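First the structure, which I've put down as structure tokens, then a few questions once you've had a look.
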Amino acid sequence: MFRVHHLIVKNQGFMDSQNNNPTSANKDVINTNPTITGAEIVIRCLNEEKVKFVFGYPGGAVLHIYDEIYKQNGFKHILVRHEQAAVHAADAYSRATGTVGVALVTSGPGATNAVTGIATAYMDSIPLVVISGQVPVPAIGLDAFQEVDMVGVTRPCVKHNFLVKDVKDIAATIKKAFYIAATGRPGPVVVDIPKDITAHLAEYIYPKTVEMRSYNPVLKGHSGQIKKAIKLLLEAKRPMIYTGGGLVLGDGSHELVKLARALNYPVTNTLMGLGGYPATDKQFVGMLGMHGSYEANMAMQNCDVLIAVGARFDDRVIGDPKDFLSKKRTIIHIDVDPSSISKRVKIDVPIVGHVQSVLSEMNELLAAENTSNDISAWWKQIDEWRGVKSMVYTNSDIVIKPQYVIEKLWEVTKGEAYVTSDVGQHQMWAAQYYKFDQPRRWINSGGLGTMGVGLPYAMGCQFADKNAQVACVTGEGSIQMNIQELSTCAQYGLPIKVIMLNNRYLGMVRQWQEFFYENRYSESYMDSLPDFVKLAESYGHVGMKITNPADVEGALKEAFAKKDKFVFMDFITDQDENVFPMIAAGKGLSEMVLKKDNKERHED
Amino acid sequence: MKHIISLLMENEAGALSRVAGLFSARGYNIESLTVAVTEDPTLSRMTIVTAGSDEVIEQIIKQLNKLVDVVKVLDLNDGKYIERELMLVKVKASTNFKDEMKRMCDIFRGRIIDVADNSYTIELTGSCSKLDAFLEAIDKTAILETVRTGASGIGRGDRILKI
Ligand SMILES: Cc1ncc(C[n+]2csc(CCOP(=O)(O)OP(=O)(O)O)c2C)c(N)n1
Ligand SMILES: [Mg+2]
């Protein structure tokens, strides 16, 4: 405590001396506008960007900025309980709204706490601006109190980062940060600002536009390639449309639906892409990948022309590329990021461009073509695969089946809720059984697989849409990784509904141990769980414990009827349930294992 | 296959670490990397010597282009180019080595730039393989120390990397 105090006094002294000696920069400028502090510049830039919420946590290095937050009345600052949650909440806010999420943290531990959030956003290409405090410039590199090389630490998990060393650069840097975060393939941008810089004075000039000779994201796709793609699609016998998170982030869903309907071709979405195509539509064959539906994976494996839209053929989607490439097919790939193309799988027709613009051009071409392609034989084959009913589970009237809870959640919320999830079995069940008909409603950590995102993600969604139904599907393991946010939810009166599928296990770990380690459940049992009902109540929330399958639907209805209450629902679920179908890590799409009830089945 | 990649990037703090970090994070191989400011002080030029299959090289070029600070990337192997590296070699110059060192240095068109009682320092420029050949050609036991700059590369004739 003493040290912190001491440091602040020291910094204050430093700041004063700076104020007395205007920097040489100030002398150069012909002072037409009044000068303001770096901290005030930060605030004005954020308001200029029309930021509505800043998720953050104060500390020594950002005190000047917090003082300006106190004085302003533009954006609203949301005080979380841990910096990781600040970044996750900003991330979810971005996913739900399509705008850039903003987080603010202090130097050192504040900054390192934010790193998991930044890496999570990076893996899913979410546009964020994260402002971190830094020790004063003269102290950098001296192992000063609460110093960490934030630019160095975050370099591998940001789209770009900046260390601002001159107050005159703050505005232009923040402008660039928003521009870089939101354009091209989006991603998080860190702006690290030393404390003394936030006290220095400069004229406030916010640039209207950004020009960077080194950064020019492609927008329009190559029209020759687009024509080629349409031709291939129309000649296909077994076509398949495969879309990912890029379609959702690029707001291309509307155009994709138009294209798919015009062609009457089957569509699958990745875990990140759910909602990109309406799940209740008859052309939708379900999610694909490690826990995808039989029909989606079989259609992916056996198609002759595949169009991938904002999806990247990752290991959880196609498994082993060798197995995938053992079948011949022509692949068209639309992506805004050229490095996503031909990374794991060679692409025949690459189209680099913004998905929305490329798809709308395709739709125009297709309308002009005025032909159609009859693929009824292929649909017949797909319907046969559908007949396997890979998503069927056996319900019970004794113990609550997790899948059943999600099905009822979908019904009770009429499929319209924002559903956030943590990471584990519950995440897969949520993805499999909640049918998303709209993009930006399914919010999960697909790339990094970060346990603990669920609750802060729900906060971000609730801030994005204060009247919406927001459900956080979580496990008793994951929820405890950011459980402190129950307090934030109380402070801001967020009426989130937590749907906890409590199997008393790190279920996904247990499942792998059952399958691949002969039931040696090493450290996967979750002992000493709190009484979640009492815990929720201690924050002023409503707690519910549901143990009987017959009570599931009623409890959900009751919870969602409490429109202005945060409700924590502890569903005691079947401990032995596993996620099926499953493709083991490193195996291929043709090596899918179905549930025991479906009789095990491998395609040769 | 070995490739020489030339790139122009913003001459900003940390730019080099972004490139080096990219190579280590993605497991790409770096044989050498040289960087210095250009005649335009806002730009640095880097030459990276790397090796990999065509697919890996394609990814390297794409990933480099993706770095926000990188202005232009050129795979010199896509056309004709010249490659030069500088090496300083300190060799034993005792009576039994003296003549051989002088002779080898002449054959490889090197220069002796420092003479001490028992050693010569030889300066040699050329392609990486020429420098390798020199080290192969002289008696290994005579080598006291070597230092190499890594290759710099430039396209031939009209192949110009400029913004
Ligand atoms: C931060 C973090 N640590 C560890 C893991 C590895 N992991 C993946 S799923 C899982 C179990 C999650 O348990 P729970 O939240 O109870 O969900 P369940 O699988 O039981 O539904 C673990 C430990 C992870 N994904 N993230
Ligand atoms: Mg669990």
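The values are calculated or read from the model by the stated rules, or taken from the named source; none is laboratory data. Not measured: the values here are computed from a predicted model. Quick reminder, even Gly has a Cβ in these numbers, built from the backbone with ideal geometry, and neighbours come from all protein chains shown.
Could you tell me whether residue A:577 is assigned to a loop (DSSP other than H, G, I, E, B), under 23 Å from residue A:481 (Cα atoms) and touching a Lys or Arg at 6+ places or on another chain (Cβ under 8 Å)?
Numbers: assigned to a loop (DSSP other than H, G, I, E, B): yes; under 23 Å from residue A:481 (Cα atoms): yes; touching a Lys or Arg at 6+ places or on another chain (Cβ under 8 Å): yes.
Answer is yes for this residue.
Can you name the helices (runs of 4 or more DSSP H) wholly within the range A:386-469 that have at least 1 residues being in contact with a helix residue (DSSP H, G or I) (Cβ under 7 Å, 6 or more places away or on another chain), without any contact (Cβ under 8 Å) to a residue 60 or more places away in the chain and more than 16 Å from ligand 2 (Cβ to nearest atom)? So that I can check it myself, show each step before the final result.
Working: elements: A:402-412, A:425-433, A:454-464.
It comes to A:402-412, A:425-433.
Identify all residues within the range A:468-480 that are among the polar types (S, T, N, Q) and either near ligand 1 (Cβ under 6 Å from one of its atoms) or within 14 Å of chain B (Cβ to nearest Cβ) (or both); write none if there are none.
To start, the set of residues in the range A:468-480 that are among the polar types (S, T, N, Q) comprises A:469, A:474, A:478, A:480.
The one that is among the polar types (S, T, N, Q) and either near ligand 1 (Cβ under 6 Å from one of its atoms) or within 14 Å of chain B (Cβ to nearest Cβ) (or both): A:478.
Look through the range A:481-498, keep the residues that are more than 16 Å from ligand 1 (Cβ to nearest atom) and β-branched (Val, Ile, Thr), and return whichever of them is nearest to the other protein chains (Cβ to nearest Cβ).
Applying the filter and picking the extreme gives A:488.
Residue B:40 fails exactly one of the following numbered conditions: (1) within 14 Å of chain A (Cβ to nearest Cβ); (2) surrounded by fewer than 20 Cβ atoms within 10 Å (Cβ to Cβ); (3) within 22 Å of residue B:83 (Cβ to Cβ). What is the number of that condition?
So residue B:40 meets the others, but not (3).
Need the failing condition index for residue A:573 against (1) over 21 Å from residue A:397 (Cβ atoms); (2) within 16 Å of ligand 2 (Cβ to nearest atom); (3) in contact with a strand residue (DSSP E or B) (Cβ under 7 Å, 6 or more places away or on another chain), just the number.
(1) is the only condition that residue A:573 fails.
In addition: Do we have any residue at all in the range A:499-508 that's away from ligand 2 (no atom under 16 Å from the Cβ), away from every other protein chain (no Cβ under 14 Å) and either part of a helix (DSSP H, G or I) or among the aliphatic types (A, V, I, L, M) (or both)?
Taking the range A:499-508 as the starting set, the residues that turn out to be away from ligand 2 (no atom under 16 Å from the Cβ) are none.
For the range A:499-508, residues away from ligand 2 (no atom under 16 Å from the Cβ), away from every other protein chain (no Cβ under 14 Å) and either part of a helix (DSSP H, G or I) or among the aliphatic types (A, V, I, L, M) (or both): absent.
Here's the yes/no breakdown for (1) under 26 Å from residue A:407 (Cα atoms); (2) touching a residue at least 60 places away in the same chain (Cβ under 8 Å):
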| position | (1), (2) |
| --- | --- |
| A:495 | yes, yes |
| A:499 | yes, yes |
| A:508 | yes, yes |
| A:516 | no, yes |
| A:521 | no, no |
| A:528 | no, no |
| A:532 | yes, no |
| A:549 | yes, yes |
| A:569 | yes, yes |
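Something else now. Within the range A:108-124, is even one residue farther than 26 Å from residue B:67 by Cα and either part of a helix (DSSP H, G or I) or not basic (Lys, Arg) (or both)? Let's see the steps before the verdict.
Filtering the range A:108-124 for residues farther than 26 Å from residue B:67 by Cα gives A:109-110.
Subsequent filtering for residues that are either part of a helix (DSSP H, G or I) or not basic (Lys, Arg) (or both) retains A:109-110.
Yes, the range A:108-124 has at least one match.
Okay, next question. Is it fair to say residue B:141 is among the hydroxyl-bearing types (Ser, Thr, Tyr), away from chain A (no Cβ under 14 Å) and exposed (fewer than 14 other Cβ atoms within 10 Å of the Cβ)? First the steps, then the outcome.
Working: among the hydroxyl-bearing types (Ser, Thr, Tyr): yes; away from chain A (no Cβ under 14 Å): yes; exposed (fewer than 14 other Cβ atoms within 10 Å of the Cβ): yes.
Here the answer is yes, as residue B:141 does meet what is asked.
Would you point out which residue out of A:228, A:258, A:322 is surrounded by fewer than 22 Cβ atoms within 10 Å (Cβ to Cβ), touching a helix residue (DSSP H, G or I) at 6+ places or on another chain (Cβ under 6 Å), outside the structural domain of residue A:425 (by TED's automatic domain parsing) and not hydrophobic (A, V, I, L, M, F, W, C)? Spell out how you get there, then give the answer.
On the way: A:228 fails: touching a helix residue (DSSP H, G or I) at 6+ places or on another chain (Cβ under 6 Å); A:322 fails: touching a helix residue (DSSP H, G or I) at 6+ places or on another chain (Cβ under 6 Å).
Selected residue: A:258, the only one of A:228, A:258, A:322 that is surrounded by fewer than 22 Cβ atoms within 10 Å (Cβ to Cβ), touching a helix residue (DSSP H, G or I) at 6+ places or on another chain (Cβ under 6 Å), outside the structural domain of residue A:425 (by TED's automatic domain parsing) and not hydrophobic (A, V, I, L, M, F, W, C).
Whether any residue in the range A:306-319 is surrounded by 20 or more Cβ atoms within 10 Å (Cβ to Cβ), at positive phi and free of Cβ contacts under 8 Å to residues at least 60 places away in the same chain is what I want to check.
yes
Criterion first (in the same structural domain as residue A:362 (by TED's automatic domain parsing), in contact with a helix residue (DSSP H, G or I) (Cβ under 7 Å, 6 or more places away or on another chain), modelled with pLDDT of 95 or more and in a helix (DSSP H, G or I)) does residue A:272 satisfy it? Step through it out loud before you land on a result.
Values: in the same structural domain as residue A:362 (by TED's automatic domain parsing): yes; in contact with a helix residue (DSSP H, G or I) (Cβ under 7 Å, 6 or more places away or on another chain): yes; modelled with pLDDT of 95 or more: yes; in a helix (DSSP H, G or I): no.
No, not satisfied.
Mind counting the residues in the range A:404-443 that are touching an Asp or Glu at 6+ places or on another chain (Cβ under 8 Å), within 12 Å of ligand 1 (Cβ to nearest atom) and under 20 Å from residue A:567 (Cα atoms)?
0
Within the range A:555-567, restricting attention to residues that are touching a helix residue (DSSP H, G or I) at 6+ places or on another chain (Cβ under 7 Å) and over 16 Å from residue A:403 (Cβ atoms), which residue is surrounded by the most Cβ atoms within 10 Å (Cβ to Cβ)?
Going residue by residue through the range A:555-567, those that are touching a helix residue (DSSP H, G or I) at 6+ places or on another chain (Cβ under 7 Å) are A:556-557, A:560, A:566-567.
Still in the running and over 16 Å from residue A:403 (Cβ atoms): A:557, A:560, A:566-567.
On the way: A:557: 12, A:560: 18, A:566: 25, A:567: 22.
Only one residue fits best here, namely A:566.
Out of all the residues in the range A:130-150, which are buried (at least 21 other Cβ atoms within 10 Å of the Cβ) and within 14 Å of chain B (Cβ to nearest Cβ)?
Once the filter is applied, which keeps residues that are buried (at least 21 other Cβ atoms within 10 Å of the Cβ) and within 14 Å of chain B (Cβ to nearest Cβ), the range A:130-150 yields A:134, A:150.
Answer yes or no: is there a residue in the range A:511-528 that is part of a strand (DSSP E or B), within 15 Å of ligand 1 (Cβ to nearest atom) and not β-branched (Val, Ile, Thr).
As a first pass, look at the range A:511-528 and keep what is part of a strand (DSSP E or B): A:525.
Imposing the further condition that a residue be within 15 Å of ligand 1 (Cβ to nearest atom) reduces the set to A:525.
Pick out the ones that are also not β-branched (Val, Ile, Thr) and you get A:525.
Scanning the range A:511-528, I find at least one residue that is part of a strand (DSSP E or B), within 15 Å of ligand 1 (Cβ to nearest atom) and not β-branched (Val, Ile, Thr), so the answer is yes.
Residue A:590 passes all but one of (1) closer than 19 Å to residue A:402 by Cβ; (2) over 27 Å from the mean Cα position of the chain (by Cα); which number fails?
Evaluating residue A:590 over (1) closer than 19 Å to residue A:402 by Cβ; (2) over 27 Å from the mean Cα position of the chain (by Cα) leaves (1) as the failure.
State whether one or more residues within the range A:44-56 are touching a residue at least 40 places away in the same chain (Cβ under 8 Å), in contact with a helix residue (DSSP H, G or I) (Cβ under 7 Å, 6 or more places away or on another chain) and outside any strand (DSSP E or B).
yes
Which is surrounded by 20 or more Cβ atoms within 10 Å (Cβ to Cβ), at the interface with another protein chain (Cβ under 10 Å from one of its Cβ atoms), farther than 19 Å from residue B:154 by Cβ and of a type in the set (A, V, I, L, M), of B:67, B:8?
Details: B:8 fails: farther than 19 Å from residue B:154 by Cβ.
Result: B:67 is the single residue among B:67, B:8 that is surrounded by 20 or more Cβ atoms within 10 Å (Cβ to Cβ), at the interface with another protein chain (Cβ under 10 Å from one of its Cβ atoms), farther than 19 Å from residue B:154 by Cβ and of a type in the set (A, V, I, L, M).
Just checking, which of A:236, A:279, A:229 is farther than 20 Å from residue A:297 by Cβ, touching a residue at least 40 places away in the same chain (Cβ under 8 Å) and not hydroxyl-bearing (Ser, Thr, Tyr)?
Values: A:236 fails: farther than 20 Å from residue A:297 by Cβ; A:279 fails: farther than 20 Å from residue A:297 by Cβ.
Among A:236, A:279, A:229, only A:229 is farther than 20 Å from residue A:297 by Cβ, touching a residue at least 40 places away in the same chain (Cβ under 8 Å) and not hydroxyl-bearing (Ser, Thr, Tyr).
Could you identify the single residue in B:35, B:73, B:49 that is within 13 Å of chain A (Cβ to nearest Cβ), surrounded by 13 or more Cβ atoms within 10 Å (Cβ to Cβ) and part of a strand (DSSP E or B)?
Details: B:35 fails: within 13 Å of chain A (Cβ to nearest Cβ); B:49 fails: within 13 Å of chain A (Cβ to nearest Cβ).
After applying the criteria, what remains is B:73.
So that you can scan it fast, the table gives a plain yes or no per residue for (1) away from every other protein chain (no Cβ under 14 Å); (2) out of contact with any Pro (no Cβ under 8 Å at 6 or more places or on another chain):
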{"site": "A:272", "(1), (2)": "yes, yes"}
{"site": "A:287", "(1), (2)": "yes, yes"}
{"site": "A:293", "(1), (2)": "yes, no"}
{"site": "A:297", "(1), (2)": "yes, no"}
{"site": "A:314", "(1), (2)": "yes, yes"}
{"site": "A:318", "(1), (2)": "yes, yes"}
{"site": "A:328", "(1), (2)": "yes, yes"}
{"site": "A:344", "(1), (2)": "no, no"}
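Which residues, taken from the range A:116-129, are within 14 Å of chain B (Cβ to nearest Cβ) and in contact with a Pro (Cβ under 7 Å, 6 or more places away or on another chain)?
Result: A:122, A:125, A:127.
Just name the residue that is nearest to residue A:559 (Cα to Cα) out of those in the range A:464-504 that are hydroxyl-bearing (Ser, Thr, Tyr) and buried (at least 22 other Cβ atoms within 10 Å of the Cβ).
Residues of the range A:464-504 hydroxyl-bearing (Ser, Thr, Tyr): A:474, A:478, A:487-488, A:492.
This time we only want the ones that are buried (at least 22 other Cβ atoms within 10 Å of the Cβ), so: A:474, A:478, A:488.
On the way: A:474: 16, A:478: 21, A:488: 20 Å.
The selected residue is A:474.
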